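Structure, as structure tokens:
The values are calculated or read from the model by the stated rules, or taken from the named source; none is laboratory data. It should be emphasised that the depicted structure is a prediction, and the values quoted were computed from it without experimental measurement. Note that we place each Cβ from the backbone using ideal geometry, even for glycine, and neighbour counts take in every protein chain shown. These area figures cover heavy atoms from the full protein model, side chains too; ligands, DNA and RNA do not enter into them. Shrake-Rupley method; radii C 1.70, N 1.55, O 1.52, S 1.80 Å.
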Protein chains: 2
Amino acid sequence: MLNDISRFRRFSRAVTSEVGALDHSFLGRGRPLGAARVLNAIGHGRTDVAAIRAYLGLDSGLMSRLLRSLEEEELIELSAGPDDGRKRQAVLTPAGEAEFAIYEHLSNERAEKLLSSHAHPQALLDAMDLIASALGRDRWSFEEVDPRSEVALQCLEQYYAELNRRLEAGFDVKLSADPDAESMMRPKGAFFVTLSDGMPVGCAGLKGTDKGYAEIKRLWVSPAARGLGLARKLMAETEEAARQLGIKVLRLDTNKALPEAVNFYRKEGWTEIDRFNDDPYPDYFFEKLL
Amino acid sequence: MLNDISRFRRFSRAVTSEVGALDHSFLGRGRPLGAARVLNAIGHGRTDVAAIRAYLGLDSGLMSRLLRSLEEEELIELSAGPDDGRKRQAVLTPAGEAEFAIYEHLSNERAEKLLSSHAHPQALLDAMDLIASALGRDRWSFEEVDPRSEVALQCLEQYYAELNRRLEAGFDVKLSADPDAESMMRPKGAFFVTLSDGMPVGCAGLKGTDKGYAEIKRLWVSPAARGLGLARKLMAETEEAARQLGIKVLRLDTNKALPEAVNFYRKEGWTEIDRFNDDPYPDYFFEKLL
DNA sequence: TGATTTATCTGACTTTAGTCAGGTAAATTG
DNA sequence: CAATTTACCTGACTAAAGTCAGATAAATCA
């Protein structure tokens, strides 16, 4: 374990110096870091002054002064909030957009340089996803979305690709009993995605049926977010939705090529039952009474 | 590529906030960050004031004041350098050791917490090694060492383990023509390791013989540091040593289970020759004239 | 409607970080 | 050995970050 920690700390030193170098390049724009951070927060779409303050952890007095200095530079414009005149809204002026673009360029440039100088950039990005997901595990947001929405499709695409990779016979969603979107939306069912700092890292569908039970479908966790207990949380979220909808019996099926999934359902208190559908893919069938 | 960059920047945000949180926990000790950093540098064995100054990038005036404040807290003691009375040496007092231990604990605690809360900590550490190596690629140090030294053995152990994993018949160093240490040390030969922030990430041996040629042996790059051009640099270092020793002909052998190595030698201007030894493992034989 | 809460602003302040121009004493050079 | 260089120290300064106690105006509550 001691050696593990020294590896962790070597990583810490490396990223600390990288973060410091980026800060230093930001200072090259002739503006204190605090002001640069506020400008960038606004550029990234945070218009609500209170939200920026919370995000950057700034004192209200300090925030006020930083906004003033950006205003004097004519990089931002402040206005009263539309429904609450106390809450101020900040937007970039054209000059602010230009300045923000330069900061973006500085950031992107470092990213591109590192990625393009590596012979295996995808491996590097996978490693980054893994670490970012582990560091961000206590900032997950669970959102109920339309299963046809952009984020949902991003999850499902990766889910299908993984099934196709791992199932002996491959996987073609058209051959499977693909639930239609309405069955996974209120009032019949629900569909959840988990976002980790904006990146979709997991999903789960609750498919209502008229057969006296509902099904859990499309439970998927991104490889980068595995081992963090996300599946359990997604499952809890989905079961809660089922209870709200008055559902008493949950069922699901899975494949023998996914042993960790089979294991997970057993550990989570599901009981194995007989085949309850004629979908060609599943080998295992589970049930849980709510 | 745009999506790659957004993944990179998600990683950046995650580690920035992690770095910030650690700094914040350091501030909880009631000492400004600058002083804490100096104390920690001394605790980690940097006694030379000039070295600390270079490492932390501090102005001499600021450094002097930070040392003074730590001295007033009776956490460190300064003395004149043994051979140069201008260079000051800093060491921790017992109270300083105690305070340093607390900072260490804060750092290690975060590391342990993250690692132990993850189901696959080794995957996380591999990811960290990969990223730390990529970020630290312009701070490699090449050192000529005794092939029996600790760092050399660390490299060789991993090298043998990988051969054993990848070669069809496995690999037992005792069955191979294991060069004795003297043949890879001056004046016969040389042995190099590459350190990346203290971690050995690669090695290469130059084995002198009395047969009119010298051999490149044990060229290895850690998986975390592959794709960064390290093998080429190690090779250049080794060839330079060979030239210094007046060697005119270099030879090496390798195995068909290591296609990237075979590829590398071809690309680096080596010419394939007939088998020149009776070692059971190699399938390919190369030569290069200096 | 008057009292209270909330979001932001202002002024006065402290601490930390960082810069710069000399100064001192040890070491090195010609 | 005198002149110069080097490593560190000191004092005087500036800028940035952060804190805190009111002030103000909009929103909400009783």
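So for segment A:139-289, Kirkwood radius off the Cα pairs, Stokes-Einstein at 20 °C and 1.002 mPa s: how many µm² s⁻¹? It would help to have the intermediate numbers written out before the result.
Numbers: Rh = 15.4 Å.
So the translational diffusion coefficient is about 139 µm²/s.
Given Cα pairs under 8 Å that are at least 6 residues apart, what percent is the relative contact order of chain B?
Values: 371 pairs, mean separation 32.3, N = 290.
Normalised by residue count, the contact order of chain B is 11 percent.
Between copies, how close do the A:Ala54 label points come, placed 7 Å along Cα→Cβ, listed in nm from shortest?
From this label point to the equivalent ones elsewhere in the assembly: 4.8 nm.
Three principal axis extents, largest first, for the C-alpha atoms of chain A, in Å?
70, 52, 36
Can you give me the Cα centroid spacing of segment B:58-130 and segment A:170-205 in angstrom?
Their Cα centres are 49 Å away from one another.
Going by average Cβ density within 10 Å per residue, which order do the peptides A:249-258, B:26-35 take, highest to lowest?
Values: A:249-258: 18.0, B:26-35: 14.0.
By packing density, highest mean first, the sequence is A:249-258, B:26-35.
What are the nm distances, shortest first, from B:Glu287 to its equivalents in the other copies, labels at 7 Å along Cα→Cβ?
Label point to label point, same position, other copies: 7.7 nm.
Given points 7 Å out from each Cα along the Cα-Cβ axis, report the B:Leu27 to A:Ala95 separation in nanometres with one decimal.
Between B:Leu27 and A:Ala95, the simple spin-label model gives 3.1 nm.
Inside 10 Å of the C-beta atoms of B:114-125, what's the mean count of C-beta atoms belonging to other chains?
Details: counts 5, 6, 2, 6, 8, 5, 5, 5, 2, 6, 11, 7.
Mean partner shielding for this stretch: 6.
Using Stokes-Einstein with the Kirkwood hydrodynamic radius over Cα pairs, what translational diffusion coefficient do you get for the protein assembly as shown at 25 °C and a viscosity of 0.890 mPa s, in µm²/s rounded to a whole number?
D, rounded to a whole number, is 86 µm²/s.
Nearest 100 Å², what total accessible surface is buried between chain A and chain B (probe 1.4 Å)? Mind dumping the intermediate values first?
Numbers: alone 17080 and 17090 Å², together 29200 Å².
Between A and B, the summed buried area is about 5000 Å².
Write out the trypsin sites (Lys or Arg not before Pro) in segment A:123-204 meeting two conditions: DSSP loop, and at most 16 other Cβ atoms within 10 Å of their Cβ. Let's see the in-between values first.
Working: sites: A:Arg137, A:Arg139, A:Arg148, A:Arg165, A:Arg166, A:Lys174, A:Lys188; in loops: A:Arg148, A:Lys174, A:Lys188.
Of the trypsin sites (Lys or Arg not before Pro), the ones in loops of segment A:123-204 whose Cβ has at most 16 other Cβ atoms within 10 Å are A:Arg148, A:Lys174.
In Å, what Kirkwood hydrodynamic radius results for segment B:8-114 from the alpha-carbon pair distances? All intermediate terms of the calculation are to be shown ahead of the outcome.
Details: mean 1/r = 0.0676 Å⁻¹.
By the Kirkwood definition, the hydrodynamic radius is 14.8 Å.
Just to confirm a number: summing +1 for Lys and Arg and -1 for Asp and Glu over residues other than A:Lys288 whose beta-carbon lies under 9 angstrom from that of A:Lys288, what do you get? Provide the component values of the computation, followed by the final result.
Numbers: positive: A:Arg251; negative: A:Glu239, A:Glu268, A:Glu287.
Result for the local shell: -2.
May I ask you to evaluate 6.51 cos²θ - 1.76 cosθ + 1.60, the Karplus curve with θ = phi - 60°, for each residue of segment A:195-200 and list the ³J(HN,Hα) values in order in whole Hz, giving x for glycine and proline?
10, 10, 6, x, 8, x
If you roll a 1.4 Å probe over the heavy atoms of the protein chains, what accessible area per residue do you get for segment B:42-144, in Å²?
That works out to 55 Å² per residue.
Given a Förster radius of 45 Å and the C-beta distance between B:Ala177 and A:Arg13 as r, what FRET efficiency does 1/(1 + (r/R0)^6) yield to the nearest 0.05? Walk me through the intermediate numbers first.
Numbers: r = 39 Å, r/R0 = 0.88.
Between B:Ala177 and A:Arg13 the formula returns 0.70.
Any idea what angle helix B:33-43 forms with the longest principal axis of chain B, computed on alpha-carbon atoms, 0 to 90 degrees, nearest 10?
Tilt relative to chain B: about 50 degrees.
Mind checking which of B:Pro187, B:Pro94, B:Pro82 has the largest fluctuation in a GNM of chain B, springs on alpha carbons under 10 Å?
Of B:Pro187, B:Pro94, B:Pro82, the Gaussian network model singles out B:Pro82 as fluctuating most.
Could you work out what % of the accessible surface of segment B:138-289 is carbon and sulfur, using a 1.4 angstrom probe and leaving DNA, RNA and ligands out of the count? The partial results should precede the final answer.
Details: 3740 of 7600 Å².
The C+S portion of the solvent-accessible surface of segment B:138-289 is 49 percent.
Using a cut-off of under 15 Å, list every residue of segment B:1-39 whose amide N is near the label point 7 Å from the Cα of A:Glu150 along the Cα-to-beta-carbon line.
Answer for this model: B:2-4, B:6-7.
Putting +1 on Lys and Arg Cβ atoms and -1 on Asp and Glu Cβ atoms, find which of B:Gln158, B:Met128, B:Gly170 reaches farthest to the positive end of the dipole of segment B:127-192.
The listed residue farthest towards the positive side: B:Met128.
List the distances, in nm and shortest first, from the label point of A:Glu71 to the matching label points in every other copy, placing each point 7 Å from Cα along the Cα-to-Cβ direction.
Counterpart label points of A:Glu71 in the remaining copies fall at 4.8 nm.
Rounded to the nearest 10 degrees, what's the angle between the helix B:60-72 long axis and the longest principal axis of chain B, both from Cα atoms, 0 to 90?
Compared with the principal axis, the helix lies near 60 degrees.
List the lysines whose Cα sits under 24 Å from the Cα of A:Lys211, skipping any in the same chain fewer than 8 residues away.
A:Lys174, A:Lys188, A:Lys248, A:Lys288
Please build a GNM for chain B, connecting alpha carbons under 10 Å apart, and tell me which residue among B:Asp197, B:Asp178, B:Asp84 fluctuates the most.
Most flexible of the set in this elastic network: B:Asp84.
Determine the shielding of peptide B:16-27 by partner chains: average, over its residues, the number of Cβ atoms on other chains within 10 angstrom of each Cβ.
Numbers: counts 6, 5, 9, 7, 2, 1, 2, 1, 1, 0, 0, 0.
What the average comes to for B:16-27 is 3.
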